[in-house]
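Chemist: Sending over a structure as structure tokens; questions will come in a sec.
Every read-out reported here was derived from the displayed coordinates using simple, explicitly stated rules and does not represent laboratory data. These numbers were taken from a predicted model, which means no experiment stands behind them. Cβ coordinates were reconstructed from backbone atoms using ideal geometry, including for glycine residues, and neighbour counts include every protein chain displayed.
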Amino acid sequence: MASRLCLLLLILCGLNVAQCGLRVYNVYARGIRPDPGNNNGDGYVRMSCGPVSTTTHVDFNTPNPNWHEELHYYGASPGNYLELRVYDKDVIFDDLLGVCATNIQKGTRKHNCRLSKGGYIYFTYTLS
């Protein structure tokens, strides 16, 4: 019985009827510009899709941070909204450096956005 259920889910996922799996990875930024008083940023990213979200570690004192965390959402469907918000960590309030958003599509896609405060964020996602 369990094997029939697994087979049914695989078939439905292939037909775009069932929800499928999203993986967001290889997240990094180049040339981020934090507060004028801080020469280099202390960047981190808040990634979200549907009800699932995760926050990366803070990559301290660099305008070119690399984050190794991944976002996994097994209830994702084509057309869902994926958002990555880039912040600069500060003592009192963290500064939003920019937002990158896209409606996800099946397959593996590389994506990048220019951040409103300067610099770019890059990431890859796979929706199966």
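Chemist: Using a 10 Å cut-off on Cβ atoms, rank the peptides 46-56, 21-31 from the highest mean neighbour count down.
Modeler: Numbers: 46-56: 16.6, 21-31: 18.3.
My ranking of the peptides, most packed first, is 21-31, 46-56.
Chemist: Ranked highest first by average number of other Cβ atoms within 10 Å, how do 85-93, 105-113 line up?
Modeler: On the way: 85-93: 15.3, 105-113: 13.2.
Result, highest mean first: 85-93, 105-113.
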